[in-house]
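Scroll down for the structure; my scribbles are underneath it.
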Amino acid sequence: MAAAAGALAGAAALVTLAVGAVGAAYGAGDGPGGGDRSGGAAAGASSGGVLPPAGARGDGGLLSGLTRRSDGAGPSGADGEGVALRAYGRFAPPGSFVPSTALTYDRMLVPAGAWIVVEQSTERSGTVVRARVGGVKAGHAFGAHVHTAPCDADPAGAGPHYQHRPAPGAEPANELWLDFTTDAAGEGNAETRHDWRLRRGGAQSVVLHAQQGGAGTRVACFTVPFGGYGTP
């Protein structure tokens, strides 16, 4: 029983609340924890409004999940507009007793039980993606990027960086970079803004790297079903 309880604390099933023309609409802050508390943050600064899931604060609640709002005609909005998404989860090693949407490949940098929150907001003017992480190694400079495929037991399974336009090199202006440095409590956050929208199905995860910049060893991955428009 003790072993099963420990495994459950390190992982959780994905809960999806996706709405369209026939669904009940959920705002970005309507998931566990309550209230719309999302807010902007510059990279490395305190987000002020993005809170970890209730379970990450030690007061119960779901350990992993997702809330999504779509103001358009379909699940990803009218031509990719009006999308608001918040995904959250706890990291667990691949092959854990209870599968998790957040995987750690290096438990020295990202211990099992560390948490992550990712938000997306897409309107006609463009896309904002925010990330906040807690319970990871304190004082470490992590690289983080949005990738093209869901997480896998093999770190390479998440595919390459998502790019707005295909290009041979990794450039922040053409990709979604979320590099951050953790504080003494092991928490960090970042935000990226672009005047373009995501392709539907083209962005599917956030990968944490051991170093900042355009590449580096993949130490953790979080599957996020980002909203978008058109085709991948």
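The values are calculated or read from the model by the stated rules, or taken from the named source; none is laboratory data. Everything numeric here is computed off the predicted structure, so don't read it as measured data. Quick reminder, even Gly has a Cβ in these numbers, built from the backbone with ideal geometry, and neighbours come from all protein chains shown. Please note that ligands, DNA and RNA were not included when accessible areas were found on the heavy atoms of the full protein model with its side chains. Shrake-Rupley method; radii C 1.70, N 1.55, O 1.52, S 1.80 Å.
Side notes on the structure shown:
- Any chance residue 149 is of a type outside the set (Lys, Arg), open to solvent by 50 Å² or more (accessible area, probe 1.4 Å) and outside any strand (DSSP E or B): no
- In region 117-140, the residue that is surrounded by the most Cβ atoms within 10 Å (Cβ to Cβ) out of those that are touching a Leu at 6+ places or on another chain (Cβ under 9 Å) and outside any strand (DSSP E or B) is 136.
- Per-region count, region 200-213, residues without any contact (Cβ under 8 Å) to a residue 60 or more places away in the chain and open to solvent by 30 Å² or more (accessible area, probe 1.4 Å): 2
- Scanning region 78-112 for residues that are open to solvent by 20 Å² or more (accessible area, probe 1.4 Å), within 18 Å of residue 208 (Cβ to Cβ) and among the small types (Gly, Ala, Ser) gives 96, 100, 112.
- Checked against the criteria, residue 127 does not count as touching a strand residue (DSSP E or B) at 6+ places or on another chain (Cβ under 6 Å) and closer than 21 Å to residue 156 by Cβ.
- Selection count where residues are closer than 19 Å to residue 89 by Cβ and out of contact with any His (no Cβ under 8 Å at 6 or more places or on another chain), scope region 155-174: 2
- The set of residues in region 113-141 that are aliphatic (A, V, I, L, M) and within 18 Å of the chain's Cα centre (by Cα) comprises 114, 116, 117, 118, 128, 129, 131, 133, 136, 141.
- Of all residues in region 162-195 being surrounded by fewer than 13 Cβ atoms within 10 Å (Cβ to Cβ) and closer than 25 Å to residue 139 by Cβ, the one that is farthest from the chain's Cα centre (by Cα): 184
- Residues within region 117-141 that are touching a helix residue (DSSP H, G or I) at 6+ places or on another chain (Cβ under 9 Å) and within 20 Å of residue 209 (Cα to Cα), tallied: 3
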